[in-house]
Amino acid sequence: MLRFNFIAGSHLWRRRIFVYMKQNSKQIVTVLGFMAILLLFISCTDSTSSQAPVKNIVLTGNTVTPVDGPPGMVWIPGGEFIMGTDTDPQRRTDESPAHRVKIDGFWMDMTEVTNAEFSRFVKATGYKTTSEIPIDWEELKKQVPPGTPRPPDEMLQPASMVFAKTSGPVDLENYMQWWSFVPGADWQHPQGPETSVTAIENYPVVHISWDDAVAYCKWAGKRLPTEAEWEFAARGGMDDAIYPWGNDKDLAKHTNSWQGHFPDINTSEDGYETAAPVKSFAPNGYGLYDMAGNVWEWCADFYRDDYYQTCADAKLMENPNGPATSYDPNQPYNIVRVKRGGSFLCNDVYCASYRITARMATSFDTGQDHSGFRGVMTQAMWEAMKKNK
């Protein structure tokens with residue numbers, strides 16, 4: 001298996017990209033807007049169908065769904081499960097070793113947060129997302145290699161990264177061929193300033209940084225799921241399934257992902273070229289939609305590539321919140337958080353992150369047009385909210 005690093009060298013608010021140039025025989029680094037700090041992966045494993053039986057998760061504690069739950073959320077019962085994998089042939093090193101985890105029950109958004117929902121938040125608060133604010137060089141220079149020169153002012157203006165298909169086959173090592181830094185692209189203008197979300201209100205909101213997702217959740221009385229909560233919920237009651245629906249590898253039946261040759265030919269067998277409206281595919285066993293594909297989803301946790309190694313000695317991890325600090329050797333200057341679930345760009349030869357155990361490290365201030373989120377709420381949080389109404 002090959003691991004492809006879609007990285008450029010720093011971060012800040014969004015996808016920042018270092019462009020390396022030679023001038024007067026000296027190599028200089030120019031920061032093109034923000035750095036696209038995410039990791040995309042290549043998996044070179046066979047994609048033939050597998051229908052191996054799966055085991056059910058052992059439920060613990062009170063498995064009865066509380067009554068009168070939060071609107072638009074479903075109850076995820078507490079239980080013990082195996083987090084990560086030691087057996088999936090497409091696994092990456094940060095998905096192992098598998099370890100046992102116990103999770104308390106919680107409420108989770110049935111779908112990814114939509115444009116309509118995020119719009120209500122913005123109207124109520126006046127919030128500006130990361131992609132709508134100029135980049136602060138004083139902050140950015142703390143997160144780039146020492147000696148990096150200040151970029152031109154035009155490179156620090158509000159912008160975001162937008163995917164565009166290539167005209168033909170390309171070298172997959174050069175992600176700049178399908179990602180573009182588009183001034184004026186943000187959650188309200190997903191493909192640039194001339195586009196709008198008016199006709200796609202039931203699509204997942206995108207161009208969302210970790211900070212943006214946290215701000216929305218705080219306003220809504222929720223929080224982001226921990227990585228362990230997210231994986232438990234994605235399993236839908238199955239302890240060793242590859243995907244949220246089981247082990248069937250006919251992906252077009254179950255999720256919005258890339259069919260064809262990446263990044264130039266998408267045959268759209270699933271019915272969608274890019275993002276899809278929420279609830280376009282059947283939910284998993286817990287009633288959650290789009291836990292694989294469509295758009296990436298932020299988790300609360302810091303990302304460390306070696307975190308699962310630190311969990312290996314514990315007999316049982318109870319409600320883990322992830323590591324205390326972040327570290328990804330591929331982007332050592334960045335504060336990185338976990339994303340889960342994959343997106344409409346994933347397929348079996350490039351990413352394959354619609355698998356339940358797949359993990360992504362992304363700079364906290366980064367968002368693209370394939371990244372969103374959903375929130376969670378404990379029963380105690382819900383009871384407190386009801387009392388305060």
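Things worth noting here:
- The criterion of at least 2 residues that are acidic (Asp, Glu), out of contact with any strand residue (DSSP E or B) (no Cβ under 8 Å at 6 or more places or on another chain) and more than 20 Å from residue 361 (Cα to Cα) is met by none of the strands (runs of 3 or more DSSP E) falling completely within region 72-117.
- Residue 125 vs. criteria modelled with pLDDT of 95 or more, of a type in the set (Ser, Thr, Tyr) and surrounded by fewer than 19 Cβ atoms within 10 Å (Cβ to Cβ): yes
- For region 123-170, residues that are β-branched (Val, Ile, Thr) and free of Cβ contacts under 8 Å to residues at least 12 places away in the same chain total 0.
Okay, residues lined up against (1) at pLDDT below 95; (2) among the charged types (D, E, K, R); (3) touching a strand residue (DSSP E or B) at 6+ places or on another chain (Cβ under 7 Å); (4) in a loop (DSSP other than H, G, I, E, B):
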site	(1), (2), (3), (4)
171	yes, yes, no, yes
182	yes, no, yes, no
198	no, no, no, yes
212	no, yes, no, no
216	no, no, no, no
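- Taken over region 94-119, residues that are crowded, with 23+ Cβ neighbours inside 10 Å and of a type in the set (D, E, K, R) amount to 2.
- From the options 366, 357, 378, residue that is under 16 Å from the mean Cα position of the chain (by Cα), closer than 21 Å to residue 216 by Cα and not aliphatic (A, V, I, L, M): 366
- Looking across region 184-196, just one residue is in a strand (DSSP E or B) and either free of Cβ contacts under 8 Å to residues at least 12 places away in the same chain or over 20 Å from residue 345 (Cβ atoms) (or both), and that is 189.
- Candidates 369, 348, 313, 365 - the one that is among the charged types (D, E, K, R) and within 23 Å of residue 89 (Cα to Cα): 348
- Meets criteria (modelled with pLDDT of 95 or more, assigned to a loop (DSSP other than H, G, I, E, B) and either polar (S, T, N, Q) or surrounded by fewer than 20 Cβ atoms within 10 Å (Cβ to Cβ) (or both)) for residue 148: no
- Of the strands (runs of 3 or more DSSP E) contained entirely in region 283-375, not one carries at least 2 residues that are surrounded by fewer than 20 Cβ atoms within 10 Å (Cβ to Cβ) and either modelled with pLDDT of 95 or more or among the hydroxyl-bearing types (Ser, Thr, Tyr) (or both).
Listed here are the residues, each with its yes/no results for (1) more than 21 Å from the chain's Cα centre (by Cα); (2) of a type in the set (Lys, Arg); (3) within 19 Å of residue 333 (Cβ to Cβ).
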residue	(1), (2), (3)
129	no, no, no
138	yes, no, yes
141	yes, yes, yes
161	no, no, yes
185	no, no, no
191	no, no, no
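- Filtered residues of region 247-271 (kept if assigned to a loop (DSSP other than H, G, I, E, B) and buried (at least 20 other Cβ atoms within 10 Å of the Cβ)): 254, 255, 256, 257, 258, 262, 263, 270
- Every residue from region 355-389 that is touching a helix residue (DSSP H, G or I) at 6+ places or on another chain (Cβ under 9 Å), among the polar types (S, T, N, Q) and over 25 Å from residue 284 (Cα atoms): 362, 363, 366
- Criterion violated by residue 230 - all others in (1) outside any loop (DSSP other than H, G, I, E, B); (2) buried (at least 17 other Cβ atoms within 10 Å of the Cβ); (3) over 19 Å from the mean Cα position of the chain (by Cα) satisfied: (3)
- Qualifying positions in region 311-343 - over 16 Å from residue 373 (Cβ atoms) and among the basic types (Lys, Arg): 315
- Checked against the criterion of being more than 25 Å from residue 110 (Cα to Cα) and of a type in the set (S, T, N, Q), the candidates 259, 188 yield just one match: 259.
- Considering the conditions (1) farther than 21 Å from residue 88 by Cβ; (2) surrounded by 20 or more Cβ atoms within 10 Å (Cβ to Cβ), residue 380 is excluded by exactly one of them, (2).
- Residue in region 40-57 that is over 25 Å from residue 368 (Cβ atoms), at pLDDT below 95, touching a strand residue (DSSP E or B) at 6+ places or on another chain (Cβ under 6 Å) and not in a loop (DSSP other than H, G, I, E, B) present: no
The values are calculated or read from the model by the stated rules, or taken from the named source; none is laboratory data. Please read these numbers as outputs of a predicted model, since none were measured by experiment. Positions of Cβ are generated from backbone atoms using ideal geometry, with glycine treated the same way; all protein chains shown enter the neighbour counts.
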